[in-house]
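The values are calculated or read from the model by the stated rules, or taken from the named source; none is laboratory data. Bear in mind the structure is a predicted one, so any value in this text is a computation, not a measurement. Note that each Cβ is placed from the backbone with ideal geometry, even for glycine, and that neighbours are counted across all protein chains shown. Side chains are part of the model used for accessible areas, which takes the heavy atoms of the whole protein and leaves out ligands, DNA and RNA. Shrake-Rupley method; radii C 1.70, N 1.55, O 1.52, S 1.80 Å.
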Amino acid sequence: MLLRIPQVLQPDELAQVRQLILTADWADGRITAGSQSGTVKNNRQLPEELPAAQQARHLVSVALARNPMFVTGALPKSVYPPLFNRYGGGHDTNHFGNHIDNAVRTHAATARHVRTDISCTLFLSEPASYDGGELVVQDTYGEQRIKFEAGDLVMYPGTSVHRVEPVTRGERLASFFWIESMVRADAQRRLLYEMDMAITSLRRKDMAQSVPGSAESSEVVKLTGCYHNLLRMWADV
Ligand code: NI
């Protein structure tokens, strides 16, 4: 499931994150690449131990945790602390060729393992401010070319081959990270997500028609129960 989550960061948070990371010292992006992806990776990355990276990561993490669409789409068990990268800005050949992310990431500071069920990119630059830099994700419907508004996030299955196109003008800043989900299989997560969205919309319709303070319809109660029983069957916590 490829999911767009709009406005994960509010404009003031976006400005804060950008200011924090733009004034920090960047390193070669190959610091987190595996041996295959290291041969196709060419960008810059913010070393995660820098205070600016820690503060920016905190802002992103708080924004993710309060976002209901993120939580229901990912059903996160464990989130790899968000990283930051940049392409372009005078580094003409910056891009990241086709690869699949490593299946397990180990966080250096905590030695914690995260299985990468879901890959995420949070866009931090306005799309009009740079050319190229699309995230291209290959799925069964063909290639999806993704370039969202600053503050928007895309999540896609960690199993996908993907790349970032060269940035030919301006600069592309982004945060990227991985999620180990309580529900490992993408198809099951998708069913749960669609069911949750449908129940939420049904509940809204019910509330609009009912007397304030009255109980939910028995259908909504039953469907909500089915959602939780499916989650109970599939979740690994
Ligand atoms: Ni990747």
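Report the relative contact order of the chain, percent, no decimals, based on alpha-carbon pairs under 8 angstrom and at least 6 residues apart.
24 percent
Of ASN42, SER61, SER119, whose Cα points farthest to the positive end of the dipole of region 31-121 (charges on the beta-carbon: +1 Lys, Arg; -1 Asp, Glu; origin at the Cα centre)?
Sorting the options by dipole projection puts first SER61.
Which whole-number value in Å³ per residue fits the convex hull of the alpha carbons of the chain?
Cα convex hull per residue, to the nearest whole number: 145 Å³.
For a protection proxy built on the mean count of beta-carbon atoms within 10 angstrom, sort 220-228, 166-174, 119-127 highest first, please.
Most protected by this proxy first, the peptides run 119-127, 166-174, 220-228.
Per the 1.4 Å probe, what fraction of the accessible area of region 120-237, in percent, lies on carbon and sulfur atoms?
About 57 percent, which is the carbon plus sulfur part of the accessible surface.
Could you tell me how far the Cα centroid of region 153-226 sits from the Cα centroid of region 1-40, in Å?
With region 1-40 and region 153-226 each reduced to a Cα centre, they are spaced 22 Å.
With every protein chain left in place, what is the accessible area per residue of region 20-85 in square angstrom, probe 1.4 Å?
Heavy-atom accessible area per residue stands at 43 Å².
What residue among ARG203, ARG189, ARG105 shows peak mean-square fluctuation when the chain is described by a Gaussian network model with Cα springs under 10 Å?
Result for the chain, Cα springs under 10 Å: ARG203 fluctuates most.
Go through region 106-119 residue by residue and turn each phi into a ³J(HN,Hα) via Karplus (6.51, -1.76, 1.60, θ = phi - 60°); whole Hz please, and just put x for glycine and proline.
10, 6, 4, 5, 10, 6, 7, 9, 10, 6, 8, 5, 10, 9
State which helices in the chain qualify, where a helix is a whole DSSP H run, it must extend 15 Å or more along its own axis by its Cα atoms, and its mean Kyte-Doolittle hydropathy must be at least 0.0.
Both cut-offs are met by 11-22, 51-65, 218-234.
Stretched out fully, how many nm does the piece from THR110 to GLN7 gain, at 0.36 nm a residue minus the Cα gap?
Between THR110 and GLN7, full extension yields an extra 34.1 nm.
Over 17 Å apart: what share of the alpha carbon pairs of region 178-237 falls there, rounded to a whole percent?
The calculated P(r) of region 178-237 puts 46 percent of pairs beyond 17 Å.
In debye, nearest 20, what is the charge dipole magnitude of region 98-181 about its Cα centre with +1 on Lys and Arg Cβ and -1 on Asp and Glu Cβ, if you could check?
Magnitude of the dipole: close to 280 debye.
Relative to the Cα centre, what is the charge dipole magnitude of the chain, using +1 at the beta carbon of each Lys and Arg, -1 at the beta carbon of each Asp and Glu, and rounding to the nearest 20 debye?
400 debye
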